[in-house]
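Remarks on the structure that follows.
The values are calculated or read from the model by the stated rules, or taken from the named source; none is laboratory data. Fair warning: this is a prediction, and the values are worked out from it, not measured in the lab. Neighbour counts are summed over all protein chains in view; Cβ atoms, including those assigned to glycine, are modelled from backbone coordinates with ideal geometry. Areas reflect the complete protein model, heavy atoms only, side chains present, ligands, DNA and RNA absent. Shrake-Rupley method; radii C 1.70, N 1.55, O 1.52, S 1.80 Å.
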Amino acid sequence: KGVTARVNLKHYVSTMRSLSALEEGRVDAKIVASEYCRLAKLQTASPVPDLAPIFRRAFPKGHHSAKGPETLVAVSMLVVSADVGNIAGVSQASIKSCLVKTVDATLLDRADLAKHFSLSAALTAAFGNDVSQSLGIWKEVADSGPNGSGFSYVDLAADRSGIKIGEAMADPARAAAMIAWLGKADDTQLLPVAQLALVEGLSEAEFTQNYSNIDSRNH
């Protein structure tokens, strides 16, 4: 009734670099690098600890909507890892002069949610929501394993919130309005506090017992 495949990836395979081969040209590497350097310099001069003010800084009034997707990738490079730039083909040489340590930013006082949110937004802007959603679910399934932190619907809520940002930013008809909104948004607007009450920390056995599988309507 179906096919199961086990894929063994070498430890040195870069997920971000591999993703860059999926769709070329959706985000401009030079603009991403320029935006990253702009944000890195601002963070160095005046550090901010939370994701919302980083987004407000990334999308000031008058920010050009045409480079919104690139700015989302740059934010994720700052908050998750500079390696995220690989999805846009950003070379290390192009950001060498401005490279900074990854910012330990938080969203609703949690660093993991800031990473989930910003990476999902960047992936959606670069590849669309199918890739971003699939990677988010894969991460939670992996976390439900013996050495993981458990399947988390809170993490998925942060993923989906970031995806909504990425979808709007990649749509020319909605990008300007989203930029204006991000320029004023706070943490509770990026991710409603009520989402913190969702179930998390589920082992694979607990998830299966409660929800059967990831396609279940009981989520």
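Structure values in brief
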{"item": "Solvent-accessible surface ranking, highest first, for Lys41, Lys139 at 1.4 angstrom", "result": "Lys41, Lys139"}
{"item": "At R0 = 30 Å, FRET efficiency that the Cβ-Cβ distance of Lys61 and Asp104 yields, to 0.05", "result": "0.65"}
{"item": "Selection from Phe207, Val79, Leu135 lying farthest towards where the dipole of the chain points positive, charges on Cβ", "result": "Val79"}
{"item": "Residue order for Ser34, Ser152 - accessible surface, 1.4 angstrom probe, largest first", "result": "Ser34, Ser152"}
{"item": "For the range 183-213 versus the range 43-71, the gap between their alpha-carbon centres in whole angstrom", "result": "26 Å"}
{"item": "Partners for Lys30 among aspartates and glutamates (Cα-Cα distance below 19 Å; same-chain residues under 8 apart left out)", "result": "Glu70, Asp83"}
{"item": "Cα-based equivalent ellipsoid of the chain: semi-axis lengths in Å, sorted from largest, via gyration tensor", "result": "29, 20, 17"}
{"item": "Accessible area (Å², 1.4 Å probe, nearest 10) - Arg174", "result": "110 Å²"}
{"item": "Distance between the range 87-116 and the range 165-179 - C-alpha centres, whole angstrom", "result": "21 Å"}
{"item": "Reach of Lys139 by Cα under 16 Å, taken over lysines that are not fewer than 8 positions away in the same chain", "result": "Lys115"}
{"item": "Helix-only [θ]222 nm of the chain, DSSP H runs n ≥ 4, -39500 (n - 2.57) each, per residue, nearest 500", "result": "-15500 deg cm²/dmol"}
{"item": "Amide H partners (placed H, <5 Å) of Glu200, local residues excluded", "result": "Tyr153"}
{"item": "Probe 1.4 Å, protein heavy atoms only - accessible area per residue of the chain in square angstrom", "result": "54 Å²"}
{"item": "The chain - percent relative contact order, Cα under 8 Å, separation 6 or more", "result": "23 percent"}
{"item": "Apportionment of accessible area to carbon and sulfur, the range 154-219, percent (1.4 Å)", "result": "51 percent"}
{"item": "Top positive-direction residue, dipole computed over the chain with Cβ charges, set Cys37, Ser216, Ala158", "result": "Cys37"}
